[in-house]
1. Suppose we filter segment 785-807 for residues that are surrounded by fewer than 22 Cβ atoms within 10 Å (Cβ to Cβ) and not in a loop (DSSP other than H, G, I, E, B); how many remain?
2. Going residue by residue through segment 650-659, is there one that turns out to be within 30 Å of Leu562 (Cα to Cα), under 39 Å from the mean Cα position of the chain (by Cα) and acidic (Asp, Glu)?
3. Just checking, which of Leu1125, Leu1093, Leu1041, Leu1080 is closer than 22 Å to Ile955 by Cα, buried (at least 20 other Cβ atoms within 10 Å of the Cβ) and out of contact with any strand residue (DSSP E or B) (no Cβ under 7 Å at 6 or more places or on another chain)?
4. For segment 1114-1128, enumerate the residues that are in contact with a Ser or Thr (Cβ under 7 Å, 6 or more places away or on another chain) and either free of Cβ contacts under 8 Å to residues at least 12 places away in the same chain or over 16 Å from Arg583 (Cβ atoms) (or both).
5. Only one residue in Gln78, Gln117, Gln103 is more than 23 Å from Leu176 (Cβ to Cβ) and either surrounded by fewer than 19 Cβ atoms within 10 Å (Cβ to Cβ) or under 36 Å from the mean Cα position of the chain (by Cα) (or both), so which one is that?
6. Scanning for something modelled with pLDDT of 75 or more, acidic (Asp, Glu) and within 27 Å of Ala715 (Cβ to Cβ), does segment 635-656 turn up at least one residue?
7. For segment 661-692, name all the residues that are aliphatic (A, V, I, L, M), under 39 Å from the mean Cα position of the chain (by Cα) and surrounded by 16 or more Cβ atoms within 10 Å (Cβ to Cβ).
8. Restricting to segment 735-774, count the residues that are acidic (Asp, Glu), surrounded by fewer than 21 Cβ atoms within 10 Å (Cβ to Cβ) and in contact (Cβ under 8 Å) with a residue 24 or more places away in the chain.
Amino acid sequence: MIPSKQLALGLTLLLIIAAFVFSINILTSPSNTTSTNDNTVTYTMRLHTLDGAPDGINRTLIGVNGGYGWDFVIRARQGQKLIVHVINDLDEPTAIHWHGIYQNRSNVYDGTSHVTQCPIPAHSELTYTVNLEQAGTYWWHSHHGPQYIDGLRGPMIIDPIHEDHLKYDEEIIVQLSDWYHRQGSDVVQAINAPTLDINRPKDIIPDSAIVNGHGRFNCSFINSSCEPGVPRAQFNVLAGKTYRVRLINTAAFAGFNVSLDGHNMTVVSVDGIDVVPTTVNHLRINVAQRYDVLIYAPESSKGNFWFRATMNNIAPLFFLVGYAGQDIYGLGIWSYENSTADPTSTVSNDLFDLDDFALVPFIKSTPPKPDASFNFTINILKDNITNVTGPHVAIDNGPAFPYRYTEKPTLFSVVANEPLPKQIHPFVVNQSSTVDITVINYNQGEHPFHMHGHSFWVLAHGIGLTLPTTDALNLLENPLQRDTVAVTACESFRGECIQPDHLLIEKIATCMWFQSMLCLLLALVCVQAKELQGFGSAKHVVVLGLDGLDVRCLHQALDNGLAPHMHYIRTHGQFTDKARNNRPTVSLTNWATIFYGASVMFHGVTSNEWTYCAPSNESVNIQSILPTCVVYPDLFSVTKEQLLDANTAMFYTWTGFDAILPSEVVNIDTHKYFDNDESCNSTLDASKEATAAAVALLSNASTAPTLLFLYLGEADNCAHEAGCFSDEGQAAIASMDENIGAVMNAVKASGLLNFTVFFLVTDHGRNEDGQDHREPNENNEQVQWAIYGLGNANRELKSAISIEDTAPTIAHILGFTTPLEWHGHAVKEVFLKANESLYSAAKSPWNKCLMNSCELPDTPTDPYPPGLNPNEINWVLGLTSTGKALCVVYATSEKIEMQRRKTRKRKEPQVPPRFLVSPLEINEQERNNAHMMVDLDKSALGPYLSHGTCRYFVIKSFSEANVHKSIKYGVWSSTYISNNFLDTAFNSDLSCIRPILLFFSVCGSKHFCGVARMTSGLSSDHNFMLWEKTKYEGVFNVEWLVVKDVPNHVLKSIVLENNKNITSLRDCDEIPYNEASAFLCTFMSYDSKTSILDDMKYYDNMQLDLQTKRGLQDVPCNADVDAFLVSSSNALS
């Protein structure tokens, strides 16, 4: 057992990490009542441990009066006094909170440990006395430590004192929850661990969805005792009657998507407040919220129907995912025949969701003008990639720090007129005053927001920091009221918050001001993962696999009108012609990347000869991270696992797919190969047959699969024979386009066009001649990637996209979470509306050249400096003080010959500048006066200076000659240990969220020489032949952000916690954020007069000598980096 002092963060995470159960009871009278009269109702709760198996897995939990907590229903009448005797037979303290109750004149019994009361000691008693002013659906739960996880909670129903205006025959209580197989204390310990193990999601996230205390875990995924086929929640109902269903989300992490097959639901109450009836057939209920709905059972009803409660947002802190066996589908049986047989009903194809912000209270009320207001922000801060320092809250732009409870309950301090500590985020208001509260969420998790003792008006919500004007707020009439609302996750791109979400509410403070604020902050640290917009936006996805379609040949076909359907997709959807694939540029490697959501470095499919259970690594020595004969998690299988009713189909004409998607392992409902001999004509015919089969399936809405893949190989096979630029190659592209049109027309004819998203994906391009495709060049390694059907603005995608992003983007659109092994990311940009912008090249220095704002002039005339031969000029990315990308040039012309290394020891040379800024937006005078070094101020490194944005490492180079080649060729390599350390950092789940910055210094140089960004993981299949020593194996790509000399003595004042100053760190030592931020600011503000760029000619000459020694004298010094890469098996020893 963990002492309460060790559960401080566990307390603050109370609404996040607790596990729970649901109960559905048809009620006729209060249960467990000790006594009742007109004025009071009395209950006794004896708390104890017991063993139970709600989902078939036995564990110890906390029960009440010999049974489960969720079976202990408290029922009273509005206006009564509720008296509850709590007898604590546990071996630990406890406290019971009455969720949603106003507690006027009884807030001392609100039941919040260390806020309104000291916890009830072990083996002690306390009697709660609660005034009941409201009517509606509420619930009770432990508000001490992690007991909420262990099942200490249940429903609480307060009947109206007057006749209810709602007419119904019977009522049903439905408690929805997530459930853990571990004790609550173990979950809290995992959350609070110094290093969060993201490879063990089962330690953090719930195992099952529970409805009415009933779930059904898949026993095949667990070694311990498991009871298969445990009963599901049962709702026996009668046709012709109307039922009031009280939905209560008592979960820790999970919101739920709720529906009842074949039935509508009319929402009549929200968090105990009646609303104008609103009919839907699907609603989402967040943690701690309640919805009362009326469900009419038609006279003709018979049989059984599925009641569905599917967990969503179960991944905490934006980086954990589910695991095999996890049961996210809470199911109950709605039966008209008292039958426990599994229903055969299906989810409606026409879901109409509840917009809870559009609900209108039944009794009209207008919010008064505020007497006070305050803002606070929420964020989750991290010391490193997995070390979470906790939820941080800042009030009115003050310092951000996590909530920490005090040993002395806050209520006692208020009564004693003592000052309140800052650690509880106090904000003092006058009793009965009206307060506006604005919540700004910079975190990528959604936050349910509950205010103890109050309901409030929800005045505004949305993306960004622009709030409604005072005049607009004054015009609001009868806005939504409730006691629990979610502030949406920050809109983010690859982990960086670009648009925080805001929520504006208004409340009238009672004497509980101190409690409401504190408990509000406790509730605000409830973390739920919120997917990006577009999540679950389509019911069907059609993936059209266009093998070997070279971008140049595609444009030739588009220009000649041979590909009208692809032209339509590109002009009405979104596309890029610069999606990156994997090396080697062969089909099987890249189709594996597309379906596996990960690069070849993880899935290990390295050639077209690779086969299931017998991987061929003849070209590169890469193996999958998974054991032999285990298929990497593929898109089809994951879709079937995540979406209960999903149906999948695959039509293809190339047998290679049988290696990466073997039918004996991969679950695909319709899986058909169309035979051909891979000649051009044979492939054309086979593609027509495959298309006809796909069209037949898509033409009928009842047979259209959730996910369909159609492989079209004619462009590839015909190009192999005659080249893609030839008439034969162009005719193949035209035939491919006809097949695409047939598929689109079939979807349109079935009426599913508005519910379907189309993908055009390609595995590789072609060589320069448009025929083969194995040479490492830009034409092979950049392909078309297009998407149509989201209804968003047409645009050419500008963000960096890899084909490994395909599967995660499809998962996002279909509405399910991705497995841990997928390293791609949902492409955020495709979900943006016309008026939305992406955090992209406009703010991201390393994307400038990607966005073509750093280009060589087309002709060797101006703007080149007079007398310089453009063929002798090298280009390096640089930045101006405003963050604009410029091309820094250094020239090899004899007219500006570099002085030797001794030049860098002297003051600024009195000669024309050796390196000139490319004259983009720079006038002639500026160009003539420009120095070769472009200084950066702090604003240029804005993207790198925000807490949690980057990880920072020191690089100690063996020689400056190696740094010269890194700048010139954009690569780096180090020792075996350092390479693998950096590769692990880059390829972690947060690699794209937190860019890796490298601070370069040369051993013995007594200065730092530049900052670069790591842009790829380690490629161990190639070595770079120009390092001064040949021991450095493998290579990864870097992008240099700034190059300048900054001496160590300027930086020595930056000292780490281990008392080492930053200049004495070793290769690949990581630098914490505070010290890294100080380094960058000092580095950029130092007025440097020299840089290694001054000596590039000197090192070019050294490089020529080295090339001669290594037999590379025939390779030009200014050749592309690929000329100096050699297979690791052929590298020099």
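1. 3
2. Here is the first cut: in segment 650-659, the ones within 30 Å of Leu562 (Cα to Cα) are 650-657.
Subset that is under 39 Å from the mean Cα position of the chain (by Cα): 650-657.
Checking the rest, the ones that are also acidic (Asp, Glu) come to none.
No, segment 650-659 has no match at all.
3. Details: Leu1125 fails: out of contact with any strand residue (DSSP E or B) (no Cβ under 7 Å at 6 or more places or on another chain); Leu1093 fails: out of contact with any strand residue (DSSP E or B) (no Cβ under 7 Å at 6 or more places or on another chain); Leu1041 fails: out of contact with any strand residue (DSSP E or B) (no Cβ under 7 Å at 6 or more places or on another chain).
Checking each option against the conditions leaves just Leu1080.
4. Our first condition is that a residue be in contact with a Ser or Thr (Cβ under 7 Å, 6 or more places away or on another chain); within segment 1114-1128, this holds for 1128.
Within segment 1114-1128, none qualify.
5. Numbers: Gln117 fails: either surrounded by fewer than 19 Cβ atoms within 10 Å (Cβ to Cβ) or under 36 Å from the mean Cα position of the chain (by Cα) (or both); Gln103 fails: either surrounded by fewer than 19 Cβ atoms within 10 Å (Cβ to Cβ) or under 36 Å from the mean Cα position of the chain (by Cα) (or both).
After ruling out the rest, the residue left standing is Gln78.
6. no
7. Taking segment 661-692 and keeping what is aliphatic (A, V, I, L, M), we get 661, 665-666, 668, 684, 686, 690, 692.
Now drop any that are not under 39 Å from the mean Cα position of the chain (by Cα), which leaves 661, 665-666, 668, 690, 692.
Leu661, Val666, Ile668, Ala690 - these are the residues of segment 661-692 that are aliphatic (A, V, I, L, M), under 39 Å from the mean Cα position of the chain (by Cα) and surrounded by 16 or more Cβ atoms within 10 Å (Cβ to Cβ).
8. In the first step, residues of segment 735-774 are kept if they are acidic (Asp, Glu); the result is 737-738, 763, 768-769, 772.
Going one step further and asking which of them are surrounded by fewer than 21 Cβ atoms within 10 Å (Cβ to Cβ), we end up with 738, 768-769, 772.
Subsequent filtering for residues that are in contact (Cβ under 8 Å) with a residue 24 or more places away in the chain retains 738, 769, 772.
Residues flagged as acidic (Asp, Glu), surrounded by fewer than 21 Cβ atoms within 10 Å (Cβ to Cβ) and in contact (Cβ under 8 Å) with a residue 24 or more places away in the chain within segment 735-774 amount to 3.
The values are calculated or read from the model by the stated rules, or taken from the named source; none is laboratory data. What you see is a predicted model, and the numbers here were worked out from it, not measured in a lab. Cβ sites come from the backbone with ideal geometry, for glycine too, and all protein chains shown count toward neighbours.
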